[in-house]
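The values are calculated or read from the model by the stated rules, or taken from the named source; none is laboratory data. Please read all numbers here as calculations on a predicted model, not as lab measurements. Positions of Cβ are backbone-derived with ideal geometry, glycine not excepted, and every protein chain shown enters the neighbour counts. Accessible surface is based on the protein model in full, side chains and every heavy atom, while ligands, DNA and RNA are left aside. Shrake-Rupley method; radii C 1.70, N 1.55, O 1.52, S 1.80 Å.
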Amino acid sequence: MEFVGDFFRNLGIAFSNWLSGFLPAWAVLLIDYTLGGLILLVGILVAVLLVIWVERKMIARLQDRLGPNRVGPYGLLQTVADALKLLTKEDIIPEGAEPISFNLAPVLAVFATIMVGAVIPFGVGIIGADLNVGVLYVVAIGSVGVMATLMAGWSSNNKYALLGGFRVVAQLLSYEIPLVLAMLIVVLLAGTMSMQSLVKAQGGGFLNIPNWYIFYVPLAFIIYFISALAELERTPFDLLEADSEIVAGFFIEYSGMKFAWFYLAGYINTILLSAIATTLFLGGWQGPFVDRFPVLGVFYFLGKMFLVTLVIFWIRGTYPRLRIDQLMDLAWKILVPLALILLLLVAIVVKLPTPPIIQQVILLVGNIVLLLAALGYVGRHLRLTAERQKLGGRL
Amino acid sequence: MLSKYAFIGILSVIAFGFSVLGLLVAWLLGPKKPNPIKQSTYECGVETIGEAWVQFRAQYYIFALVFVVFDIETVFLYPWAVAYGRLGLFALVEAAIFVLILFAGLLYAWRKGALEWQ
């Protein structure tokens, strides 16, 4: 029973002990880390295959279609078939393109997203590397992806690609600020940047639930979620690679496997940003009975992660696109000021000489008031704009 | 501590190897029949005029400037946030002044119209 209670970690420890019977310590470490990295990579790829299928099925149902249903049971192998097809396509490099950065861009895009996976705490003690600067590492590695975008857009020597690249960079830069500020608020509450300590700080209470940071700062979660959608360039922020309008934007010239790499990077990013949302706001692997049976943590974590991913897909099936000026306004005139005010609010409340439960209530009330104020401001602005349009034609 | 970064190093080799290997396999498996039409720039039916590498008015350069200011601000705030529990009331006042100055900067940029996308 003891072994099953913490199954995955005990399996790893048993394996390491078996290895160290006949290998020196550094070789054991090397094999452990290499295997760990490979498991992480394969796990992410399997999750991507699954998630692409789920998205296609779900969007199909929302649009009253059937979705993929030919290859494999329920069309489960459709993504595998697509990947194999893309693998055998001709590798076309357009004549005017700059070959080095043109070829390096998709590699860098996939590389950057996989590296983020290193600090995701999938369960009790199941984490690639529990860095003490985990949150900062996520932010830093995440911005390498922006460089890949700019490289792809510039090196294609295509006007659409260049324009698309510029606009994607503008969008990613703008939403980086509220994203990082929302993460900062959680760091401020927990007083640590290590991902495992962040999850541990959210334990306790009835069934390990009431201490999740979403119950302290729901507004920060909303800011994080909106910014993450924009970072992923997903609906309603997908105007920069809208297939129906500007033929995929910055990766217009890419075909075959290089196109597949950008696609893959997008989905890995979706999964990992959901994982980070789970870690920071939804209690990570915390859940009922996780202190008695740590193995449950893995399932809690994956469950929450896929739930957030599902919501992202659901939004794609529901909302239309924003215009680019609306997109920039949302980031700079609403999310950034809101995040700064919330940061100051949290900093003040944490210093109040009251018991934690009262602090939590004050924070919750403050969050709701701020949210309502922001919604009221946006509503008034939209009404005024609509009236102005009625008076003076299209403005 | 150092062994944690060893994992990051090994993972970076794996991640880079995987992404290069995928492109390499695709290059080996795919057909190679280049021709001028296939390799022309994909813009529209008509032949492309000129390169894309021209001087271009980047609308977002003011956004980029504001971004740099705020990104540095958040980087400064991270160590403050980690140590906040152990610091006195002084930390709160100091950070509040810091954030409010930047907030004033944002309002200034807003009033000056730097945040309008044209």
Out of the residues in region A:176-199 that are more than 10 Å from chain B (Cβ to nearest Cβ) and out of contact with any Pro (no Cβ under 9 Å at 6 or more places or on another chain), which is most open to solvent (accessible area, probe 1.4 Å)?
-> A:SER197
Just a yes or no: is a residue in region B:20-31 surrounded by fewer than 13 Cβ atoms within 10 Å (Cβ to Cβ), at the interface with chain A (Cβ under 7 Å from one of its Cβ atoms) and in a loop (DSSP other than H, G, I, E, B)?
-> yes
Given the structure, is A:SER156 more than 15 Å from the chain's Cα centre (by Cα) and open to solvent by 40 Å² or more (accessible area, probe 1.4 Å)?
-> no
Give the residue, chosen from B:ILE72, B:ILE49, B:ILE37, B:ILE8, that is more than 7 Å from chain A (Cβ to nearest Cβ) and either touching a Pro at 6+ places or on another chain (Cβ under 6 Å) or within 19 Å of A:MET147 (Cβ to Cβ) (or both).
-> B:ILE72
What number of residues within region A:86-114 satisfy the criterion of being in contact with a Phe, Trp or Tyr (Cβ under 8 Å, 6 or more places away or on another chain), among the aromatic types (Phe, Trp, Tyr) and more than 7 Å from every other protein chain (Cβ to nearest Cβ)?
-> 0
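Here's the yes/no breakdown for (1) in contact (Cβ under 8 Å) with a residue 12 or more places away in the chain; (2) within 22 Å of the chain's Cα centre (by Cα); (3) facing another protein chain (nearest Cβ under 10 Å):
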{"position": "A:ILE334", "(1), (2), (3)": "yes, yes, no"}
{"position": "A:VAL350", "(1), (2), (3)": "yes, no, yes"}
{"position": "A:PRO356", "(1), (2), (3)": "no, no, no"}
{"position": "A:GLN359", "(1), (2), (3)": "no, no, no"}
{"position": "A:ILE362", "(1), (2), (3)": "yes, no, no"}
Restricting attention to region A:113-131, does a residue exist that is of a type in the set (D, E, K, R) and outside any loop (DSSP other than H, G, I, E, B)?
-> no
Of all residues in region A:313-344, which are outside any helix (DSSP H, G or I) and either touching a strand residue (DSSP E or B) at 6+ places or on another chain (Cβ under 9 Å) or basic (Lys, Arg) (or both)?
-> A:ARG321, A:ARG323
State yes or no: is A:ILE92 among the hydrophobic types (A, V, I, L, M, F, W, C), in a loop (DSSP other than H, G, I, E, B) and touching a Lys or Arg at 6+ places or on another chain (Cβ under 7 Å)?
-> yes
Residues of region A:264-288 being more than 22 Å from A:ALA190 (Cα to Cα) and free of Cβ contacts under 8 Å to residues at least 60 places away in the same chain, in sequence order, are A:GLY266
For region A:65-92, the count of residues that are farther than 17 Å from A:VAL54 by Cβ and either surrounded by 15 or more Cβ atoms within 10 Å (Cβ to Cβ) or touching a strand residue (DSSP E or B) at 6+ places or on another chain (Cβ under 6 Å) (or both) equals 6
Being modelled with pLDDT of 90 or more and among the hydrophobic types (A, V, I, L, M, F, W, C) narrows A:ALA170, A:ALA220 down to just A:ALA220
Return the only residue of A:VAL46, A:VAL28 being at pLDDT 85 or above, aliphatic (A, V, I, L, M) and in a helix (DSSP H, G or I).
-> A:VAL46
So A:LEU327 clears everything in (1) over 15 Å from the mean Cα position of the chain (by Cα); (2) in contact (Cβ under 8 Å) with a residue 40 or more places away in the chain; (3) open to solvent by 10 Å² or more (accessible area, probe 1.4 Å) except one condition, right? Which one?
-> (3)
Within region A:65-118, which residues are of a type in the set (Val, Ile, Thr) and touching an Asp or Glu at 6+ places or on another chain (Cβ under 7 Å)?
-> none
